[in-house]
Structure formats: C-alpha cells, structure tokens
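Heads up: the structure comes next, in structure tokens.
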Amino acid sequence: MHKGLVNRLINLKEYTEDKTTLYIVRHGQTEWNIQHKIQGHQDSPLTEKGIQQAQWLSEALEDTKIDIIYSSSSHRAVRTAELIRHTRNIEIKESDAFKEINMGVWEGRTQEEVQDSDPEAWDYFWNDPEKFQIMGGETFRAVSERSVNELNRILYEHQGKSILIVTHSVVVKLLMALFENRPMNNIWNLPYIHPACLCKVELLNGVPEIILHADISHYQEEGLELT
C-alpha cells in the first residue's frame with residue numbers, strides 16, 4: 001500500500017466468489033457550490049441544476065440493478081440519493097461515515113476569504129493533503145479511516161450485491177484512491193469530481209476493477225461540468 005493511504009480494502013475473496021458492484025456518486029450542485037462557499041459538515045440545498053443532475057443520473061440508472069443505497073447523512077447527499085432512487089423500492093441508509101471532511105473554522109466562508117486569510121493551510125489542502133490541519137476540522141487521514149472502514153463493512157454485509165453510495169468530493173477521491181492505490185497527496189489529480197458524477201467499481205474474486213471514474217455522460221446539457 002502506498003504511503004498515505006489508510007486501511008485496506010476488505011478481501012472479499014475470503015468470503016464469496018460472487019461479483020459485487022459498487023457505484024459511488026457525488027451529490028448534485030448546491031447553493032454554496034455556486035457561491036464558492038465551503039460546506040464541509042454544514043449544508044446548503046441543491047440548486048435547480050443540482051436537482052436536474054441527480055434526475056439525469058436517475059434516468060441513466062433506471063434499468064440498473066441497485067440493491068441498497070447508502071448516503072452521507074448531510075441533507076444535500078440524502079436529497080441526491082432520493083432523486084436517484086425516484087420511485088424505485090430501494091432502501092436508503094444514512095451514514096455519518098460518508099459525510100464530507102469537516103472543514104472547521106472554514107465552513108460557511110468563501111474560498112477566496114480562506115485563501116487570503118490562511119494561505120498556507122489552503123495550499124496544504126490542495127497540494128500536500130497529508131499536512132492539512134485547521135482548527136475544528138478533520139485531517140484527510142481521519143476521513144479516510146472512517147469512510148474506508150464503513151465501505152469495508154458495507155462490502156462485507158452486501159457481498160455479491162449492487163450498492164450505491166452518495167457522498168462528497170473528498171470522500172469520493174479517498175475511496176477511489178483506495179481502488180487505484182493512489183497516494184493521498186495525489187488525490188486531487190484528475191479526474192475532477194463533478195456534481196452527481198458516477199464512479200463504478202466491480203469486485204470479483206477479491207480484485208477491484210474500475211469501470212467508470214467521475215463519469216458525466218448522463219448530463220443532458222453542455223456546460224454543467226464546469227460547476
């Protein structure tokens with residue numbers, strides 16, 4: 001395992017030879033996204049565009065088997081999960097473990113304000129995540145620990161099933177880094193995690209295969225990928 005990645009993916013080969021399919025989705029665009037405000041554990045509602053993004057994904061997955069949906073307990077993620085589920089009879093389970101990184105004293109402030117007032121920590125956030133730490137906030141390692149532990153629990157509990165997780169950009173990046181063996185300090189490398197983008201990972205005989213990574217082919221209008 002590369003330095004910087006926390007925990008390991010559960011070895012499903014020890015338990016089942018059935019294929020497990022995992023879908024990982026970021027929530028749709030929110031009001032604070034377009035205002036460039038930092039959300040973290042705070043929240044803001046989906047915009048009309050964010051609702052549309054989730055609805056497009058719902059349409060794209062309409063004929064896809066989904067056995068269970070897990071969502072971050074933040075409302076923006078739960079609402080996205082509900083829109084993706086639409087009228088299908090699929091249980092949604094909320095999990096604090098999939099909440100966005102806690103951004104402490106930065107939450108509710110604009111990116112520009114934070115960049116001006118705390119340039120060193122801002123630089124660490126994007127360019128050296130291992131060193132990132134702010135008052136009242138979480139480290140990337142702490143987020144990795146809680147989200148990967150929850151992922152492993154879910155994969156064990158739902159072996160051979162099709163699972164959809166709705167979460168946030170940092171958590172998407174950290175979970176996908178696990179499948180890629182990507183060092184934590186490189187998690188912001190492309191692909192960009194757009195609102196309501198879709199990742200798909202298949203796990204067979206204990207080996208993960210990334211099928212989709214930050215896919216937005218379900219977008220039905222141009223230009224939305226820039227938000």
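Table for the structure above
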{"item": "Selected residue (only one of Pro191, Pro195, Pro119 is closer than 30 Å to Asp63 by Cα and free of Cβ contacts under 8 Å to residues at least 24 places away in the same chain)", "result": "Pro191"}
{"item": "For Gly108: the one exception among (1) over 30 Å from Ile66 (Cα atoms); (2) open to solvent by 20 Å² or more (accessible area, probe 1.4 Å); (3) in a helix (DSSP H, G or I); (4) not acidic (Asp, Glu)", "result": "(3)"}
{"item": "Some residue of the stretch 19-41 being within 23 Å of Asn186 (Cα to Cα), surrounded by fewer than 18 Cβ atoms within 10 Å (Cβ to Cβ) and at pLDDT below 95", "result": "no"}
{"item": "Residue in the stretch 197-210 that is among the β-branched types (Val, Ile, Thr), surrounded by fewer than 14 Cβ atoms within 10 Å (Cβ to Cβ) and under 16 Å from the mean Cα position of the chain (by Cα) present", "result": "yes"}
{"item": "Tally of residues being free of Cβ contacts under 8 Å to residues at least 24 places away in the same chain and part of a loop (DSSP other than H, G, I, E, B) across the stretch 63-87", "result": "2"}
{"item": "Of all residues in the stretch 54-73 being of a type in the set (S, T, N, Q) and open to solvent by 10 Å² or more (accessible area, probe 1.4 Å), the one that is nearest to Leu198 (Cα to Cα)", "result": "Ser58"}
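The values are calculated or read from the model by the stated rules, or taken from the named source; none is laboratory data. No experiment lies behind these values; they were computed from the predicted model shown. Methodologically, a virtual Cβ is constructed for each residue, glycine included, from the backbone with ideal geometry; neighbour enumeration extends over all protein chains shown. SASA here: full protein model, heavy atoms, side chains in, ligands and nucleic acids out. Shrake-Rupley method; radii C 1.70, N 1.55, O 1.52, S 1.80 Å.
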